[in-house]
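Novice: My questions will all concern the structure given below.
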Amino acid sequence: MTAASLEGANSMMHAFPPPPEGQVTLANWRTAPFSHWGFSHVRELIPSAEIKNDPRSVRPLPEAPTALPSLDRIAEPCNALLVLHRGRIVAERYADGMAAGTPHILMSVSKSMLGLLAGILAESGCLDTGAPVTEHVPEVSNTAYRRATVRQLLDMRAGILFDEDYMAGDGPIVDYRRATGWNPLEPGEPPSDLRSFLAQLAGADGSHGQRFHYVSPNTDLLAWVIERAAGERYADLMGRLLWAPAGAGWPAYITVDRLGAPRAAGGMCVTARDLARIGQLIVENGRRDGRQVLPERWIDDIESNGDPEAWEAGEFSSFFPGRRMHYRSQCYVLRDKNPLIFGIGIHGQNLYVDRYAEVVMVRLCSRPLPIEPELISRGLEDALAVRDFLAAA
């Protein structure tokens, strides 16, 4: 058996021990076909911290199966697909060994989860989004983050020199992955860590507060800011303030580096149902069972207060040709009559939320390439088609 003949998660890590060509390791877990297994077994490869749920307060998700148009095509590349309408599951499918209780990596949809947590902390007065980042993390005072604000990091409008090239074989992005524990060290290479890496980002790429400029380390620095502001571990805050109150059915987890720093930019691993529960919390304006978990005005701010001109000047506007967009608090927003809030992660991770049609759509995938612009665009079109169909039902 060769690597080329392996298909899907069921062929990986099989037998005791698995043959070399079927072994998923730190060196190959993000590449196909090994990612089919790796993306739903991340904690077996990288250290992680648990994000606790509350088993006594799980939000029920009643089922109301509905024949959605083009469902087979929409679900085909997915490890998990789930659609809610008015809080009910209307479609749910799993592949590659996944099931309802299987956590899957969110990649950069993790950023959107941080954006929601930041809103809770801002509402409580714990986090000042207008404050300089260095007020909480003076360790980056001599970097390009000097004079950047928390809000500028939340909106990806910090002038940081960093090339987010997922296909690069060397350079800063590879150093970043090694620092987070996502890549193995080279022979003889000294161990690194995420916070030390962040303190080395000295190069500027424009002024703060200008164009949308997507830099994943911004989100990891935000997690550091949040931990300092709250005096509590990021994973514990996420569990206590968002995950458990939203009614998650299972604990989530997030990858951490060798010193415990969370990979907030991409390392959160959750079930499709629980990600949908977060979407449903947004649909219900942040309230659950009479309790305001997520501030409604933070959701309103995400929908309304991003800068479309900053978005158009940024790198991602070409993914959505002809669409009026903005980015706010680590979330993408389609500026429509009924705005669509969504998160995107490489290799095909998505959360789409329409508060007005009361529709949530989750897709978790292990596509071979990190970014395929035509599939990103098609994913949005699929979500809109599902939304429109259910809104008319």
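Novice: Of ALA15, ALA27, which residue is within 24 Å of GLU186 (Cα to Cα) and hydrophobic (A, V, I, L, M, F, W, C)?
Specialist: Matching residue, one of ALA15, ALA27: ALA27.
Novice: Scanning region 327-340 for residues that are part of a loop (DSSP other than H, G, I, E, B) and within 17 Å of the chain's Cα centre (by Cα), which turns out surrounded by the fewest Cβ atoms within 10 Å (Cβ to Cβ)?
Specialist: For region 327-340, the residue satisfying everything is SER329.
Every residue, every condition in (1) buried (at least 19 other Cβ atoms within 10 Å of the Cβ); (2) within 30 Å of PRO62 (Cβ to Cβ); (3) among the charged types (D, E, K, R); (4) out of contact with any Gly (no Cβ under 8 Å at 6 or more places or on another chain), yes or no:
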| site | (1), (2), (3), (4) |
| --- | --- |
| ARG93 | no, yes, yes, yes |
| MET98 | yes, yes, no, yes |
| GLY125 | no, no, no, yes |
| PRO138 | no, no, no, yes |
| MET156 | yes, no, no, no |
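Novice: Which of (1) touching a residue at least 24 places away in the same chain (Cβ under 8 Å); (2) of a type in the set (D, E, K, R); (3) not in a strand (DSSP E or B) is the odd one out, the single condition GLU21 does not satisfy?
Specialist: With respect to (1) touching a residue at least 24 places away in the same chain (Cβ under 8 Å); (2) of a type in the set (D, E, K, R); (3) not in a strand (DSSP E or B), GLU21 is out only on (1).
Novice: For the condition at pLDDT 95 or above, small (Gly, Ala, Ser) and within 16 Å of VAL362 (Cβ to Cβ), what is the one hit in GLY87, GLY38?
Specialist: GLY87
Novice: Among the residues of region 253-266, what is the count of those that are open to solvent by less than 10 Å² (accessible area, probe 1.4 Å) and out of contact with any helix residue (DSSP H, G or I) (no Cβ under 6 Å at 6 or more places or on another chain)?
Specialist: Selection size over region 253-266: 1.
Novice: Moving on. Residues in region 54-72 that are in contact (Cβ under 8 Å) with a residue 60 or more places away in the chain and either of a type in the set (A, V, I, L, M, F, W, C) or closer than 30 Å to LEU369 by Cα (or both): how many?
Specialist: 5
Novice: Here's a follow-up. Would you mention how many residues in region 79-98 are in a strand (DSSP E or B) and of a type in the set (Lys, Arg)?
Specialist: Filtering region 79-98 down to residues in a strand (DSSP E or B) leaves 79-85, 88-94.
Pick out the ones that are also of a type in the set (Lys, Arg) and you get 88, 93.
So the answer is 2.
Novice: Return the pair list, or none, for Cβ contacts closer than 7 Å from residues in region 106-129 that are within 18 Å of GLN152 (Cα to Cα) and in a loop (DSSP other than H, G, I, E, B) to residues that are open to solvent by 10 Å² or more (accessible area, probe 1.4 Å) and among the β-branched types (Val, Ile, Thr), at least 6 apart or on different chains.
Specialist: The qualifying pairs are SER108/ILE344; SER108/ILE346.
Novice: Right, something else. For region 202-238, name all the residues that are among the aliphatic types (A, V, I, L, M), more than 22 Å from PRO172 (Cα to Cα), open to solvent by 20 Å² or more (accessible area, probe 1.4 Å) and out of contact with any His (no Cβ under 8 Å at 6 or more places or on another chain).
Specialist: ALA230, the sole residue that qualifies.
Novice: Just checking, how many residues over region 269-303 are assigned to a helix (DSSP H, G or I), of a type outside the set (A, V, I, L, M) and open to solvent by less than 10 Å² (accessible area, probe 1.4 Å)?
Specialist: 3
Novice: To continue, here is another question. Give the residue that is nearest to the chain's Cα centre (by Cα), with candidates limited to residues of region 246-262 that are in a strand (DSSP E or B) and within 17 Å of THR102 (Cβ to Cβ).
Specialist: Among them, the one singled out is ILE254.
Novice: Identify all residues within region 43-74 that are open to solvent by less than 60 Å² (accessible area, probe 1.4 Å) and either among the hydroxyl-bearing types (Ser, Thr, Tyr) or farther than 23 Å from MET361 by Cα (or both); write none if there are none.
Specialist: Matches in region 43-74: LEU45, ILE46, SER48, ALA49, ASP54, SER57, THR66.
Novice: Something else: Say whether the condition of being outside any loop (DSSP other than H, G, I, E, B) and more than 25 Å from ARG328 (Cα to Cα) is met by at least one residue in region 153-172.
Specialist: Yes, that holds for at least one residue.
Novice: Can we say VAL109 is of a type in the set (A, V, I, L, M, F, W, C) and out of contact with any strand residue (DSSP E or B) (no Cβ under 9 Å at 6 or more places or on another chain)? Give the derivation first.
Specialist: Values: of a type in the set (A, V, I, L, M, F, W, C): yes; out of contact with any strand residue (DSSP E or B) (no Cβ under 9 Å at 6 or more places or on another chain): no.
Answer is no for this residue.
Novice: Determine the pairs where a residue that is closer than 17 Å to ASP205 by Cβ, located within region 147-167, has a partner that is acidic (Asp, Glu) with Cβ atoms under 7 Å apart, the partner being 6 or more residues away or on another chain.
Specialist: GLY159/ASP205; ILE160/ASP205; LEU161/ASP205
Novice: Given the condition acidic (Asp, Glu) and within 24 Å of SER124 (Cβ to Cβ), answer yes or no: does some residue in region 249-272 qualify?
Specialist: no
Novice: Can you tell me which residue is most open to solvent (accessible area, probe 1.4 Å) among those in region 341-366 that are farther than 17 Å from HIS36 by Cα and outside any strand (DSSP E or B)?
Specialist: Here the residue is TYR356.
Novice: From the list GLY306, GLY322, GLY314, GLY279, exactly one residue is out of contact with any Ser or Thr (no Cβ under 8 Å at 6 or more places or on another chain) and either among the acidic types (Asp, Glu) or without any contact (Cβ under 8 Å) to a residue 24 or more places away in the chain (or both). Which is it?
Specialist: Sole residue among the options that is out of contact with any Ser or Thr (no Cβ under 8 Å at 6 or more places or on another chain) and either among the acidic types (Asp, Glu) or without any contact (Cβ under 8 Å) to a residue 24 or more places away in the chain (or both): GLY322.
The values are calculated or read from the model by the stated rules, or taken from the named source; none is laboratory data. Small disclaimer: the values here were computed from a predicted structure and weren't measured. Cβ sites come from the backbone with ideal geometry, for glycine too, and all protein chains shown count toward neighbours. Accessible surface is based on the protein model in full, side chains and every heavy atom, while ligands, DNA and RNA are left aside. Shrake-Rupley method; radii C 1.70, N 1.55, O 1.52, S 1.80 Å.
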